[in-house]
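Student: Quick one: structure below, then a few questions.
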Amino acid sequence: MNELRILAKQFFKLFAIVFVLIGLVFTWLLTYEPSAEREVIIETEEIVANEVWQPKDAIAELPSMPATVKEGYYLIAESSKYMGPNAARAEDRYSGNNLACANCHLQKGAQAGSGSWVGIIERFPQFGGRGNKIGTIEDRINGCMERSMNGKMLPVDSNQMKAIVAYMNWLSEGVPEHRKAEFKGYPNIEIPTVAVNLEKGSQVYKKECIICHGTNGEGILNTVDGKSYTYPPLWGPDSFNDGAGMHRVITSAEFIKSNMPYLQATWDNPKLTDEEAFHVAGYINSFSRPHKLNTENDYPDKTLKPVSTPYGPWADDFSPEQHKYGPFPPIMEYYKNEYGITKTK
């Protein structure tokens, strides 16, 4: 009898152990995810999160900006007032026209396809052909100060320079890796095989540009201060000078195609065709503007000079007229054959 009781106890213990093991296995099966599947799920979650990422809205986030970043914001948004002709102190008047940096770097530097500053800091130092050297972000900013702003360089250690760089850093925070490429420079256009047709450019200007930039390219002044611009002048004494990148037809056409008409076009949904942007860029650059001194010193290695740079000297025998208005493919072909250099602008 005792032996039967002992066997019964052992049986129930064994049964309990088996029951627990079955429960554990069942629970594991319900919660198990193969590692590959978990990686796919995690990766998918990251992609979904990145897809909803948008560049920072500087105006909306202005109240919460760090002080130095906020200073940089005002310098690029109201350049004329804080570092231009309208600055209260004469020593702060670095830019030579009433443009704002944000007149070209749209959405306060956040718009793709408009020379955006999103992610720009990590791209420097980089080689620049204009100086034929490795340049810093401060060098790049001062290139704009001397040319697009028709002014003078900011001291590298100045509060203004530090604030602008801080603002650029702030814009660049948290950019997903797969979104960085779209914020680099301007998207390329297919360069026409013909020269600029000024009459066609004039027609595009009258249809698409005149409402904001005026009959004579004079722009529209800000109604609040009457000094800065809501829409910038495209030529004349208060515009960028003839050493600026925008005075090159191809560069100008790339910007126009990706951004104009304002609030109607984007880099991935343009309104103008490549040819329309090309002809209107040539038309805009057919008018006079301030002259940049010492442009002959630009591009010490003349083979690196963009083919649409309208001022010499060049490392070829094409005419100044062709360098300004094209056709550009023959010049590009020359540099490919003669120097082994593939040029896109």
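Student: Of all helices (runs of 4 or more DSSP H) completely enclosed by segment 106-219, which ones contain at least 2 residues that are over 22 Å from the mean Cα position of the chain (by Cα) and crowded, with 19+ Cβ neighbours inside 10 Å?
Tutor: Working: elements: 106-109, 137-146, 159-171, 198-204, 210-213.
In segment 106-219, the matching helices (runs of 4 or more DSSP H) lie at 198-204.
Student: Further question on the same structure: Select, from GLU91, GLU37, GLU61, the only residue that is charged (D, E, K, R), modelled with pLDDT under 95 and loosely packed, with under 14 Cβ neighbours inside 10 Å. Working first, answer last.
Tutor: Values: GLU91 fails: modelled with pLDDT under 95; GLU61 fails: modelled with pLDDT under 95.
The match here is GLU37.
Student: If you don't mind, there's one more thing I want to ask. Name the pairs whose Cβ atoms lie under 7 Å apart, with the first residue in segment 204-223 and at positive phi, the second surrounded by 16 or more Cβ atoms within 10 Å (Cβ to Cβ) and β-branched (Val, Ile, Thr), and 6 or more positions between them or separate chains?
Tutor: GLY217/ILE284
Student: Now a separate question. Keeping to segment 101-151, report how many residues are at positive phi and either of a type in the set (D, E, K, R) or in the same structural domain as ASP301 (by TED's automatic domain parsing) (or both).
Tutor: Initially, segment 101-151 is screened for residues at positive phi, giving 107-109, 113, 115, 119, 132, 150.
Now restrict to residues that are either of a type in the set (D, E, K, R) or in the same structural domain as ASP301 (by TED's automatic domain parsing) (or both): 108.
Within segment 101-151, residues that are at positive phi and either of a type in the set (D, E, K, R) or in the same structural domain as ASP301 (by TED's automatic domain parsing) (or both) number 1.
Student: The conditions are (1) in contact with a Lys or Arg (Cβ under 7 Å, 6 or more places away or on another chain); (2) at pLDDT below 95; (3) not aliphatic (A, V, I, L, M), and TYR186 fails exactly one of them. Which is it?
Tutor: All conditions are met except number (1).
Student: Same structure, new question: What is the number of the single condition among (1) in a helix (DSSP H, G or I); (2) free of Cβ contacts under 8 Å to residues at least 60 places away in the same chain; (3) closer than 25 Å to PRO237 by Cα that HIS291 does not meet?
Tutor: (1)
Student: State whether the residues of segment 334-341 include one that is crowded, with 18+ Cβ neighbours inside 10 Å, within 26 Å of the chain's Cα centre (by Cα) and either not in a helix (DSSP H, G or I) or not acidic (Asp, Glu) (or both).
Tutor: Initial filter on segment 334-341 (crowded, with 18+ Cβ neighbours inside 10 Å): 335.
Now drop any that are not within 26 Å of the chain's Cα centre (by Cα), which leaves none.
No, every residue in segment 334-341 fails to be crowded, with 18+ Cβ neighbours inside 10 Å, within 26 Å of the chain's Cα centre (by Cα) and either not in a helix (DSSP H, G or I) or not acidic (Asp, Glu) (or both).
Student: Here's another thing I want to ask about it. When you check ALA265 against the structure, is it over 18 Å from the mean Cα position of the chain (by Cα) and crowded, with 16+ Cβ neighbours inside 10 Å, yes or no? So that I can check it myself, show each step before the final result.
Tutor: Details: over 18 Å from the mean Cα position of the chain (by Cα): no; crowded, with 16+ Cβ neighbours inside 10 Å: yes.
It is false that ALA265 is over 18 Å from the mean Cα position of the chain (by Cα) and crowded, with 16+ Cβ neighbours inside 10 Å.
The values are calculated or read from the model by the stated rules, or taken from the named source; none is laboratory data. Since we're looking at a predicted model, the values are computed, not measured. Don't worry about glycine lacking a Cβ; one is built from the backbone with ideal geometry, like all the others, and counts go over all protein chains shown.
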